[in-house]
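Here's the structure we're looking at; comments come further down.
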Amino acid sequence: MASTTQIPAPPARRTALSNKQGHNHGQRSKGAKGPGRLRPNYLGGLGGWLWLAIIIVPIYYVVVTSLKNQAGFFTSNPMMPPTEPTLDNYKLVLDNDFAMYFFNSLVVTVGSVVPALLVSFMAAYAIVRGKGRFLTWTNNTFLLGLAIPLHATIIPIYWMITKAHLYDTLLALILPSIAFAIPISVLILSNFMRDVPNELFESMRLDGCSDWAMMWRLALPMTRPAVVTVGIYNALGVWNGFLFPLILTQSPSTRVLPLSLWTFQGEFSVNIPAVLASVVLATLPLLVIYVVARRQLLSGLTAGFSK
Amino acid sequence: MSTSTGSSRRVLERGPSGWLAAPALVFFLLFAIIPLFGVLFLSFTKWDGLGEIKLDGLSSWTTVLTDPVTGNALWVTAKIMFFSFIVQAPISLLLGVFTSASQKYRAALAVLYFVPLLLSSAAVAIAYKALLDPNFGLGPGLGLPFLAQDWLGNSDLVLFVVVFVIAWQFVPFHTLIYQGGVRQIPASLYEAAQIDGAGRVQQFFAITLPQLKYTIITSSTLMVVGSLAYFDLVFVLTAGGPGYSTRLLPLHMYLTGFKANDMGAASALGVILVVIGLALALLLQRLGGKNRNASQLEGA
């Protein structure tokens with residue numbers, strides 16, 4: 001395949017390594033013409049722009065269509081911007097309890113991610129710093145969890161949640177979400193924690209620090225990027241989760257955003273612009289976070305998964 | 001008594017107490033491991049989801065294993081797993097290499113590449129349902145008749161539509177993994193190759209690919225095991241149809257349990273899902289050698 005020629009020239013690579021954010025200082029174009037250097041990678045560039053088109057066209061279509069009124073949707077060219085843009089579709093979505101679904105999603109996400117981070121961090125600390133058969137076994141259990149499609153367990157989880165009288169509550173979504181976030185969180189956190197130099201722990205130990213104190217005063221600051229990464233990754237997963245809400249909740253008062261998109265689509269199936277406006281509105285909060293904090297977000301995720 | 005205090009003191013000297021791992025372990029045992037055994041137990045029962053659970057021997061298994069829909073679901077799952085791997089793995093690898101370079105335009109493109117990471121599967125599926133509409137979607141919009149097909153209603157095409165949409169949603173995540181992997185390759189390797197006169201293609205096969213071995217294993221494992229969890233996207237996009245043509249195993253499990261109210265049969269399907277996932281993960285780890293996993297376990 002010709003696109004294997006997407007290897008960047010070495011000068012570019014050096015800057016990529018020295019600067020994890022991936023920003024250059026214009027070195028490549030200078031080096032590219034020198035003797036023995038590689039030619040600019042036109043094929044790679046072409047592939048890059050092609051993939052951009054594949055990513056952008058659906059997003060463009062969704063945004064443009066959400067601004068059309070229904071008559072405009074049926075008569076105008078689907079890929080053209082509306083002649084008379086309208087926000088009526090957004091108003092319709094907001095009038096249909098969008099704020100409540102948003103709030104539910106927020107409660108479930110924060111309620112799952114914060115406890116998951118807390119227990120996973122403590123477990124990762126014990127696994128990395130501690131010894132013994134129990135901790136080895138615990139770690140192996142979590143590693144096993146990475147290999148198993150945990151969603152296969154929805155039926156017993158449904159049974160447990162109904163027996164605990166938690167069906168159709170937000171807590172029903174929070175509890176399994178915490179459990180499902182633990183394996184990957186422990187794995188990433190413990191990978192990072194292993195890089196904290198042992199001498200730092202030793203010297204704190206000599207100063208008479210307990211493990212509890214070392215965990216919060218040494219391990220946490222030293223692994224903060226990993227904690228942020230794991231937090232973001234889990235938050236995305238819970239915020240966008242669909243299966244647990246589908247089987248563990250029922251009434252509109254416990255509905256979360258992804259499920260609300262689906263039910264909204266069922267109710268307003270003929271009003272495509274309104275359905276797509278709901279898609280835009282549900283994505284907008286994450287998009288705002290992405291625009292503000294994309295550097296931390298991407299470099300954190302990159303570091304977390306390539307370890 | 002004295003021996004136990006002695007050993008606990010030794011544990012204190014050697015590191016933190018295992019109790020710190022207990023909260024995570026309890027959560028995980030309660031909501032993942034116990035349900036794992038629960039699904040096995042429930043596969044030997046009869047339950048409609050509301051009433052009593054009754055032991056029922058092997059009848060759920062007989063139902064599931066003789067039902068042609070199960071075989072079809074396995075076949076559909078295998079096809080989607082295969083095609084989505086074949087499509088996603090090379091694209092994410094190449095995009096990861098592409099975006100790891102430092103040109104400004106590539107960094108700018110990368111910011112846009114990762115936008116699909118933010119969307120929920122439900123949102124992606126709903127967007128594509130509208131986009132693929134033969135009358136009001138992409139086809140008439142671009143004036144390209146071959147794009148104006150009944151993509152989701154044609155049982156020959158729909159599988160590839162699902163593979164495409166899955167790739168659209170998940171390639172960004174794997175691109176990110178590869179991007180991080182490429183950035184960890186020492187620059188000196190490329191400099192040496194450059195001096196030896198290796199071209200771009202040679203460098204890719206001689207340095208980039210071998211150096212990315214563990215990244216490839218990680219990404220492939222997530223991709224293959226992850227394809228057993230493509231539930232929400234397909235559920236909203238096609239609901240398994242038309243007919244049974246996109247009825248994946250997880251979707252088949254859901255529909256059997258929560259729509260046909262046969263939790264016993266659905267549990268048997270769940271067991272099959274777990275066994276397949278476990279076998280695939282072990283196979284992939286075996287293919288990649290044991291080094292990485294062993295070092296993770298040693299650290300414990």
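The table below gives the values:
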item	result
Search result, residues across region A:257-281 that are at pLDDT below 90, open to solvent by 10 Å² or more (accessible area, probe 1.4 Å), assigned to a helix (DSSP H, G or I) and under 18 Å from residue A:86 (Cα atoms)	A:272
Residue in region A:207-218 that is part of a helix (DSSP H, G or I), among the small types (Gly, Ala, Ser) and surrounded by 23 or more Cβ atoms within 10 Å (Cβ to Cβ) present	no
Pairs with Cβ under 8 Å, 6+ apart, first in region B:181-206 and in contact (Cβ under 8 Å) with a residue 12 or more places away in the chain, second basic (Lys, Arg) and exposed (fewer than 13 other Cβ atoms within 10 Å of the Cβ)	none
Any hit, region A:181-199, residues being facing chain B (nearest Cβ under 7 Å), in a loop (DSSP other than H, G, I, E, B) and either touching a Phe, Trp or Tyr at 6+ places or on another chain (Cβ under 8 Å) or more than 30 Å from residue A:249 (Cβ to Cβ) (or both)	yes
Filter pass, residue A:102 being under 19 Å from the mean Cα position of the chain (by Cα), aromatic (Phe, Trp, Tyr), open to solvent by 20 Å² or more (accessible area, probe 1.4 Å) and more than 30 Å from residue B:283 (Cα to Cα)	yes
Of all residues in region A:64-85 being more than 10 Å from chain B (Cβ to nearest Cβ) and among the hydrophobic types (A, V, I, L, M, F, W, C), the one that is nearest to residue A:278 (Cα to Cα)	A:67
Exclusive hit being in contact (Cβ under 8 Å) with a residue 60 or more places away in the chain and surrounded by fewer than 22 Cβ atoms within 10 Å (Cβ to Cβ), set B:26, B:64, B:97, B:87	B:87
Helices (runs of 4 or more DSSP H) within region B:202-258 that include 3 or more residues crowded, with 17+ Cβ neighbours inside 10 Å and modelled with pLDDT under 90	B:213-226
Residues that are open to solvent by 40 Å² or more (accessible area, probe 1.4 Å), more than 7 Å from chain A (Cβ to nearest Cβ) and not polar (S, T, N, Q), drawn from region B:111-146	B:129, B:133, B:134, B:143, B:144, B:145, B:146
Number of the exception - residue A:221 against (1) modelled with pLDDT of 85 or more; (2) open to solvent by 20 Å² or more (accessible area, probe 1.4 Å); (3) touching a Gly at 6+ places or on another chain (Cβ under 8 Å)	(3)
Verdict on residue B:42 being touching a residue at least 40 places away in the same chain (Cβ under 8 Å) and closer than 15 Å to residue B:265 by Cα	yes
Residues (among the basic types (Lys, Arg) and closer than 13 Å to residue A:66 by Cα) located in region A:246-289	none
Unmet criterion (only one of (1) open to solvent by less than 20 Å² (accessible area, probe 1.4 Å); (2) within 9 Å of another protein chain (Cβ to nearest Cβ)) for residue A:89	(2)
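Residue-wise test of (1) closer than 19 Å to residue A:273 by Cα; (2) of a type in the set (A, V, I, L, M, F, W, C); (3) part of a loop (DSSP other than H, G, I, E, B).
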position	(1), (2), (3)
B:129	yes, no, no
B:134	yes, no, yes
B:141	yes, no, no
B:151	no, yes, yes
B:159	no, yes, no
B:168	no, yes, no
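The values are calculated or read from the model by the stated rules, or taken from the named source; none is laboratory data. It should be emphasised that the depicted structure is a prediction, and the values quoted were computed from it without experimental measurement. Please note: Cβ atoms are built from the backbone with ideal geometry, for glycine as well, and neighbour counts cover all protein chains shown. Quick note on the areas: whole protein, heavy atoms, side chains included, nothing else; ligands and nucleic acids left out. Shrake-Rupley method; radii C 1.70, N 1.55, O 1.52, S 1.80 Å.
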